[in-house]
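Peer 1: Sharing a structure here in C-alpha coordinates format.
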(Lines give C-alpha, C1' and ligand atoms only; values in the text may rest on other atoms or scores of the structure.)
Protein backbone atom coordinates (compact mmCIF):
# COMPACT_ATOMS: atom_id res chain seq x y z
CA UNK A 1 0.00 0.00 0.00
CA UNK A 2 2.80 2.42 0.90
CA UNK A 3 4.65 1.71 -2.38
CA UNK A 4 1.45 2.39 -4.32
CA UNK A 5 0.90 5.71 -2.54
CA UNK A 6 4.52 6.72 -3.10
CA UNK A 7 4.26 5.87 -6.79
CA UNK A 8 0.95 7.76 -7.11
CA UNK A 9 2.42 10.79 -5.37
CA UNK A 10 5.39 10.91 -7.72
CA UNK A 11 3.05 10.43 -10.70
CA UNK A 12 0.92 13.39 -9.64
CA UNK A 13 4.00 15.50 -9.00
CA UNK A 14 5.34 14.53 -12.45
CA UNK A 15 2.11 15.65 -14.13
CA UNK A 16 2.15 18.93 -12.21
CA UNK A 17 5.80 19.52 -13.11
CA UNK A 18 5.03 18.92 -16.79
CA UNK A 19 2.07 21.31 -16.70
CA UNK A 20 4.34 23.94 -15.19
CA UNK A 21 7.12 23.24 -17.68
CA UNK A 22 9.51 21.95 -15.02
CA UNK A 23 10.99 19.13 -17.08
CA UNK A 24 14.00 18.64 -14.80
CA UNK A 25 11.71 18.06 -11.83
CA UNK A 26 9.55 15.76 -13.96
CA UNK A 27 12.61 13.64 -14.86
CA UNK A 28 13.59 13.39 -11.19
CA UNK A 29 10.06 12.30 -10.27
CA UNK A 30 10.05 9.74 -13.07
CA UNK A 31 13.35 8.37 -11.78
CA UNK A 32 11.71 7.98 -8.35
CA UNK A 33 8.71 6.25 -9.92
CA UNK A 34 11.06 3.81 -11.63
CA UNK A 35 12.88 3.22 -8.34
CA UNK A 36 9.55 2.29 -6.77
CA UNK A 37 8.35 0.26 -9.79
CA UNK A 38 11.33 -0.72 -11.97
CA UNK A 39 10.39 -1.12 -15.60
CA UNK A 40 7.03 0.67 -15.25
CA UNK A 41 5.69 1.28 -18.75
CA UNK A 42 4.07 4.63 -17.96
CA UNK A 43 7.18 6.01 -16.29
CA UNK A 44 9.47 4.83 -19.08
CA UNK A 45 7.23 6.23 -21.83
CA UNK A 46 6.90 9.53 -19.97
CA UNK A 47 10.65 9.73 -19.41
CA UNK A 48 11.29 9.16 -23.13
CA UNK A 49 8.81 11.91 -23.99
CA UNK A 50 10.44 14.41 -21.62
CA UNK A 51 13.91 13.46 -22.84
CA UNK A 52 12.78 14.07 -26.41
CA UNK A 53 11.31 17.44 -25.45
CA UNK A 54 14.65 18.37 -23.88
CA UNK A 55 16.53 17.41 -27.04
CA UNK A 56 18.06 14.32 -25.44
CA UNK A 57 17.35 12.02 -28.39
CA UNK A 58 20.04 9.47 -27.51
CA UNK A 59 18.73 9.14 -23.96
CA UNK A 60 15.14 8.92 -25.23
CA UNK A 61 16.19 6.21 -27.68
CA UNK A 62 17.77 4.19 -24.86
CA UNK A 63 14.66 4.64 -22.72
CA UNK A 64 12.37 3.48 -25.52
CA UNK A 65 14.59 0.49 -26.23
CA UNK A 66 14.35 -0.43 -22.54
CA UNK A 67 10.58 0.01 -22.71
CA UNK A 68 10.08 -2.31 -25.70
CA UNK A 69 12.47 -4.89 -24.25
CA UNK A 70 10.41 -5.01 -21.05
CA UNK A 71 6.97 -4.55 -22.65
CA UNK A 72 7.16 -6.29 -26.02
CA UNK A 73 3.37 -6.09 -26.56
CA UNK A 74 3.22 -2.28 -26.31
CA UNK A 75 2.46 -1.13 -29.87
CA UNK A 76 2.65 2.62 -29.08
CA UNK A 77 6.09 2.09 -27.54
CA UNK A 78 7.27 0.37 -30.72
CA UNK A 79 5.81 3.22 -32.77
CA UNK A 80 7.59 5.86 -30.68
CA UNK A 81 10.85 3.93 -30.94
CA UNK A 82 10.42 3.66 -34.71
CA UNK A 83 9.64 7.36 -35.04
CA UNK A 84 12.73 8.35 -33.06
CA UNK A 85 14.94 5.91 -34.99
CA UNK A 86 13.62 7.31 -38.26
CA UNK A 87 14.31 10.87 -37.08
CA UNK A 88 17.90 9.87 -36.28
CA UNK A 89 18.36 8.35 -39.75
CA UNK A 90 18.34 4.74 -38.51
CA UNK A 91 16.06 3.62 -41.33
CA UNK A 92 16.49 -0.17 -41.17
CA UNK A 93 15.99 -0.13 -37.40
CA UNK A 94 12.99 2.18 -37.79
CA UNK A 95 11.44 -0.16 -40.34
CA UNK A 96 11.79 -3.10 -37.95
CA UNK A 97 10.19 -1.13 -35.11
CA UNK A 98 7.31 0.12 -37.31
CA UNK A 99 6.69 -3.48 -38.40
CA UNK A 100 6.68 -4.59 -34.73
CA UNK A 101 4.10 -1.91 -33.91
CA UNK A 102 1.95 -2.97 -36.86
CA UNK A 103 2.19 -6.66 -35.96
CA UNK A 104 0.68 -5.73 -32.60
CA UNK A 105 -1.81 -3.16 -33.92
CA UNK A 106 -2.51 -3.34 -37.67
CA UNK A 107 -4.98 -0.44 -37.32
CA UNK A 108 -2.25 2.02 -36.27
CA UNK A 109 -2.54 4.36 -39.24
CA UNK A 110 0.41 6.56 -38.22
CA UNK A 111 2.68 3.49 -38.13
CA UNK A 112 1.70 2.66 -41.72
CA UNK A 113 2.56 6.24 -42.67
CA UNK A 114 5.90 6.07 -40.84
CA UNK A 115 6.71 2.75 -42.48
CA UNK A 116 5.96 4.30 -45.86
CA UNK A 117 8.39 7.14 -45.15
CA UNK A 118 11.14 4.65 -44.34
CA UNK A 119 10.38 2.59 -47.45
CA UNK A 120 10.44 5.72 -49.61
CA UNK A 121 13.84 6.61 -48.15
CA UNK A 122 15.03 3.14 -49.21
CA UNK A 123 13.46 3.73 -52.67
CA UNK A 124 11.19 0.71 -52.16
CA UNK A 125 8.25 2.46 -53.79
CA UNK A 126 6.03 -0.58 -54.41
CA UNK A 127 6.13 -1.48 -50.73
CA UNK A 128 5.51 2.17 -49.82
CA UNK A 129 2.38 2.16 -51.99
CA UNK A 130 1.08 -0.84 -50.03
CA UNK A 131 1.82 0.84 -46.68
CA UNK A 132 0.12 4.05 -47.83
CA UNK A 133 -2.84 2.00 -49.01
CA UNK A 134 -3.29 0.79 -45.43
CA UNK A 135 -2.83 4.33 -44.12
CA UNK A 136 -5.40 5.86 -46.46
CA UNK A 137 -7.95 3.11 -45.76
CA UNK A 138 -7.61 3.78 -42.05
CA UNK A 139 -7.60 7.59 -42.47
CA UNK A 140 -9.56 8.22 -45.68
CA UNK A 141 -10.01 11.93 -45.04
CA UNK A 142 -6.48 12.72 -43.96
CA UNK A 143 -4.67 14.46 -46.82
CA UNK A 144 -1.19 13.44 -45.67
CA UNK A 145 -1.34 9.81 -46.79
CA UNK A 146 -3.01 10.70 -50.07
CA UNK A 147 -0.49 13.45 -50.80
CA UNK A 148 2.43 11.10 -50.14
CA UNK A 149 0.77 8.36 -52.18
CA UNK A 150 0.53 10.70 -55.18
CA UNK A 151 4.22 11.56 -54.88
CA UNK A 152 5.19 7.90 -54.61
CA UNK A 153 3.21 7.04 -57.73
CA UNK A 154 5.10 9.79 -59.54
CA UNK A 155 8.39 8.38 -58.25
CA UNK A 156 7.31 4.96 -59.54
CA UNK A 157 6.78 6.53 -62.99
CA UNK A 158 3.04 5.83 -62.81
CA UNK A 159 1.41 9.14 -63.82
CA UNK A 160 -2.06 7.57 -64.21
CA UNK A 161 -2.08 6.39 -60.61
CA UNK A 162 -0.76 9.77 -59.45
CA UNK A 163 -3.55 11.50 -61.41
CA UNK A 164 -6.18 9.27 -59.76
CA UNK A 165 -4.83 10.20 -56.33
CA UNK A 166 -4.80 13.86 -57.30
CA UNK A 167 -8.43 13.70 -58.47
CA UNK A 168 -9.45 11.99 -55.24
CA UNK A 169 -7.60 14.57 -53.15
CA UNK A 170 -9.31 17.43 -55.01
CA UNK A 171 -12.63 16.07 -53.76
CA UNK A 172 -11.95 16.79 -50.11
CA UNK A 173 -8.74 18.80 -49.73
CA UNK A 174 -8.27 21.16 -52.70
CA UNK A 175 -5.33 23.11 -51.23
CA UNK A 176 -3.29 19.96 -50.68
CA UNK A 177 -4.34 18.76 -54.13
CA UNK A 178 -3.07 22.04 -55.63
CA UNK A 179 0.28 21.58 -53.90
CA UNK A 180 0.55 18.00 -55.14
CA UNK A 181 -0.37 19.09 -58.65
CA UNK A 182 2.38 21.75 -58.64
CA UNK A 183 4.92 19.18 -57.48
CA UNK A 184 3.82 16.61 -60.06
CA UNK A 185 4.04 19.22 -62.84
CA UNK A 186 7.49 20.25 -61.66
CA UNK A 187 8.61 16.62 -61.55
CA UNK A 188 7.26 16.04 -65.08
CA UNK A 189 9.01 19.18 -66.35
CA UNK A 190 12.31 18.04 -64.85
CA UNK A 191 11.92 14.59 -66.38
CA UNK A 192 11.27 16.12 -69.80
CA UNK A 193 14.57 18.06 -69.70
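Peer 1: Test of understanding: among 44, 64, 90, which residue is closer than 26 Å to residue 153 by Cα and modelled with pLDDT of 95 or more?
Peer 2: 90
Peer 1: Can you tell me which of 62, 85, 99 is surrounded by fewer than 19 Cβ atoms within 10 Å (Cβ to Cβ) and over 21 Å from residue 23 (Cα atoms)?
Peer 2: The conditions single out 99.
Results for (1) in contact with a helix residue (DSSP H, G or I) (Cβ under 8 Å, 6 or more places away or on another chain); (2) under 30 Å from residue 115 (Cβ atoms); (3) without any contact (Cβ under 8 Å) to a residue 24 or more places away in the chain, shown as yes or no for each residue.
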residue: 6; (1), (2), (3): yes, no, no
residue: 9; (1), (2), (3): no, no, yes
residue: 21; (1), (2), (3): no, no, yes
residue: 27; (1), (2), (3): yes, no, no
residue: 30; (1), (2), (3): yes, yes, yes
residue: 44; (1), (2), (3): yes, yes, no
residue: 51; (1), (2), (3): yes, yes, no
residue: 59; (1), (2), (3): yes, yes, yes
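Peer 1: Could you tell me whether residue 144 is touching a helix residue (DSSP H, G or I) at 6+ places or on another chain (Cβ under 8 Å) and either outside any helix (DSSP H, G or I) or surrounded by fewer than 16 Cβ atoms within 10 Å (Cβ to Cβ) (or both)?
Peer 2: Against the criterion (touching a helix residue (DSSP H, G or I) at 6+ places or on another chain (Cβ under 8 Å) and either outside any helix (DSSP H, G or I) or surrounded by fewer than 16 Cβ atoms within 10 Å (Cβ to Cβ) (or both)), residue 144 does not qualify.
Peer 1: Given the conditions (1) surrounded by fewer than 19 Cβ atoms within 10 Å (Cβ to Cβ); (2) closer than 27 Å to residue 11 by Cα; (3) more than 18 Å from the chain's Cα centre (by Cα), and given that residue 123 satisfies all but one, which numbered condition is not satisfied?
Peer 2: (2)
Peer 1: Now a separate question. May I ask you to say which residue of 107, 111, 116 is surrounded by fewer than 19 Cβ atoms within 10 Å (Cβ to Cβ) and either at pLDDT 95 or above or outside any helix (DSSP H, G or I) (or both)?
Peer 2: 107
Peer 1: Which one of the conditions (1) surrounded by 15 or more Cβ atoms within 10 Å (Cβ to Cβ); (2) modelled with pLDDT under 95 does residue 5 fail to meet, given that it meets all the rest?
Peer 2: (1)
The values are calculated or read from the model by the stated rules, or taken from the named source; none is laboratory data. The shown structure was predicted, so the numbers you read here are calculated from the model rather than taken from an experiment. All Cβ positions, even for glycine, are placed from backbone atoms using ideal geometry, and neighbour counts span all protein chains on display.
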